[in-house]
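**Student:** Take a look at this one; I'll ask things after.
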Amino acid sequence: MTTSLMTPTDAPPRTTLAVLGGGLAMAAVGGSFAVSHVLHDAPLAVAQSLRYAVSALILLTLARASGHRVRAPRPRDWPWLVGTSLAGLVLFNIALVRGSAHAEPAALAVAMACVPVLLALGGPLTGGERPGPRVLAAAAVVTVGAVLIQGVGRTDATGVAWAGLVLLCEAGFTLLAVPVLQHHGAWGISVHTTWMAALGFGGWSVVAEGPGAAMRLDRADLAAIAYLALVVTALAFVLWYSCVSTLGAGHAGLLTGVAPVAAAAVGTALGAGLPAPGVWAGTVVVGAGLALGLSGRRTRRLPADGARRDRPPRRVA
C-alpha cells in the first residue's frame, strides 16, 4: 500500500477538513439514534434493505455527477468489501436489535465507546506499523469520556456477548475497508458496501419476514428510512472513509467519541432536558482526548480517488 507524505503547506487544511468531515459523520450517527427509534416496531430486515438500496442509488448518482469513479471490485477485493458490509452494516444492526432484548441501550453504547481503542490498536497494524502510545492514550481518554456520557447500563451474559459483537462489527466497518480503500476510494467503498447490505437484508427479509413485509411500513417509517439513507448512510459513509484515508484508522477512530456527544445534544433539543453532570464531564473528557490525539498530527494520506502514485513514498520522521 503506497502512501505519500503531505507537504507542510497543504497538511493543515487537508487534516482540518478530514477531522471536520469525520466529526460530522459521527455527529450524524449519534443524532440518528432518535430517528432509528421510529423503526422500533417496523420489520427490521426490509427497512434496512430499503435504506441501503436507496443509499446505494444516491451514492452512485452523486459519484457520477461529481466525477468520482466507482470501480468494479477485483477478485482480491471481494473478501474485504463483503466483510465490511457483512460486519459493519448487516451483523452490526442485527446485534443492536438482538442485544437490546438483553441489555439496556447504555450497555451497548459502552461497547461502541471502546471502538477508539480497538482502532488505535488495529489501524496501525493493518499498515504494518506499531500502535502509537499517544493515540492509544488519547483513545482511552475518549472512551472514558464516552462512558461518562452514556452511563453503563444493565445487562446479562447474553447481552454482554451481543455487546462484544457490536464492538467487533463497528471496528470491522473501518478496519476491513482499509486494505481496499486506496484502490476504491471513499465513494467506491460506500457504494459497494451499501448495495451488498441491501441484498443481504433483502434476502433475510424474504426468508424471515415474508414478501409482503414492505407493506407494513407506514409514513413515519418511510420518512425515517429516507433520513437514514441520505444523511446517516450516504453522507456519513463518504465523509468517514475520506477521513480514514487521510488520518488513518487509528486517529480517525478518536472521532467516534463525537457520536455520544451528538446524541446527548439531540436529546436535549428534543426536550429531554438539560444534560446530567456526567454528560458535561464526559464531553469535556472526550474533547481532551481528541485534543491529545489529533493536535500536531502530520498525516499520511491514502489517495481518496484510488489513483496510483508512481513516486516512492517518503516516510514520516
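The values are calculated or read from the model by the stated rules, or taken from the named source; none is laboratory data. This structure is a prediction, so every number in the text was calculated from the model and none was measured. Ideal geometry is used to build each Cβ from the backbone, glycine not excepted, and the neighbour counts take in all protein chains shown. Areas reflect the complete protein model, heavy atoms only, side chains present, ligands, DNA and RNA absent. Shrake-Rupley method; radii C 1.70, N 1.55, O 1.52, S 1.80 Å.
**Student:** Round to the nearest 10 and report in Å² the accessible area of LEU86, as given by a 1.4 Å probe over the protein chains' heavy atoms.
**Tutor:** 90
**Student:** Then there is this: Taking the simple approach of a point 7 Å from Cα along Cα-to-Cβ for both ARG154 and HIS37, what is their distance in nm?
**Tutor:** Rounded to a tenth, the inter-label distance reads 2.0 nm.
**Student:** Moving on to the next point. What is the chain's relative contact order, in percent, from Cα pairs under 8 angstrom and six or more apart in sequence?
**Tutor:** Details: 528 pairs, mean separation 127.9, N = 317.
That works out to 40 percent.
**Student:** How would VAL38, VAL70, VAL232 rank on accessible area, largest to smallest, probe 1.4 Å?
**Tutor:** In descending accessible area the options line up as VAL38, VAL70, VAL232.
**Student:** Something else about it: Where the accessible area of the chain is counted over protein heavy atoms with a 1.4 Å probe, how much of it, in %, is carbon and sulfur? Numbers along the way, then the final one.
**Tutor:** Values: 10150 of 14980 Å².
Answer for the chain is 68 percent, counting heavy atoms of protein chains only.
**Student:** Quote the convex hull volume per residue of the stretch 166-280, based on C-alpha atoms, as a whole number of Å³.
**Tutor:** Taking the convex hull of the Cα positions in the stretch 166-280, it is 148 Å³ per residue.
**Student:** Moving on. Quick one: check the C-alpha center-to-center distance for the stretch 164-206 versus the stretch 234-280, whole angstrom.
**Tutor:** Cα centroid to Cα centroid, the span is 19 Å.
**Student:** Rolling a 1.4 Å sphere over the protein heavy atoms, what is the accessible area per residue of the stretch 132-240, to the nearest Å²?
**Tutor:** Each residue of the stretch 132-240 exposes 41 Å² on average to a 1.4 Å probe.
**Student:** Multiply the residue separation of ARG219 and ALA281 by 0.36 nm, subtract the distance between their alpha-carbon atoms, and state the gained length in nm to one decimal.
**Tutor:** In short, 18.5 nm is gained.
**Student:** For the stretch 57-97, just say rounded, prolate or oblate: build the C-alpha gyration tensor, square-root its eigenvalues into a ≥ b ≥ c, call rounded for a/c under 1.5, and beyond that prolate if a/b exceeds b/c, oblate if not.
**Tutor:** Working: a/c = 4.94, a/b = 1.51, b/c = 3.27.
Cα axes put the stretch 57-97 in the oblate bin.
**Student:** At 0.36 nm per residue, minus the direct Cα-Cα distance, what do ARG14 and ALA208 gain on full extension? Give it in nm, one decimal, please.
**Tutor:** Taking ARG14 through ALA208 to full extension adds about 65.3 nm, to one decimal.
**Student:** When the Kirkwood radius is taken over all Cα pairs of the chain, what Stokes-Einstein diffusion coefficient follows at 4 °C and 1.567 mPa s, in µm²/s?
**Tutor:** Calculated translational D: 65 µm²/s.
**Student:** Right, next: Could you work out how far apart the two model spin labels at SER66 and ALA137 are, taking each label as a point 7 Å from the Cα in the direction of the beta carbon, and quote it in nm?
**Tutor:** Calculated label separation equals 3.7 nm.
**Student:** Turning to a different aspect of this structure: Using the Kyte-Doolittle scale, which helices in the chain average at least 0.0 and also have C-alpha atoms spread 15 Å or more along the helix axis, with helices defined as whole DSSP H runs?
**Tutor:** Details: long enough: 11-36 (37 Å, 1.03); 44-65 (31 Å, 1.38); 115-126 (16 Å, 1.73); 133-150 (26 Å, 1.74); 157-175 (27 Å, 1.53); 178-208 (37 Å, 0.73); 236-247 (16 Å, 1.55); 277-294 (26 Å, 1.58).
Span-like helices here: 11-36, 44-65, 115-126, 133-150, 157-175, 178-208, 236-247, 277-294.
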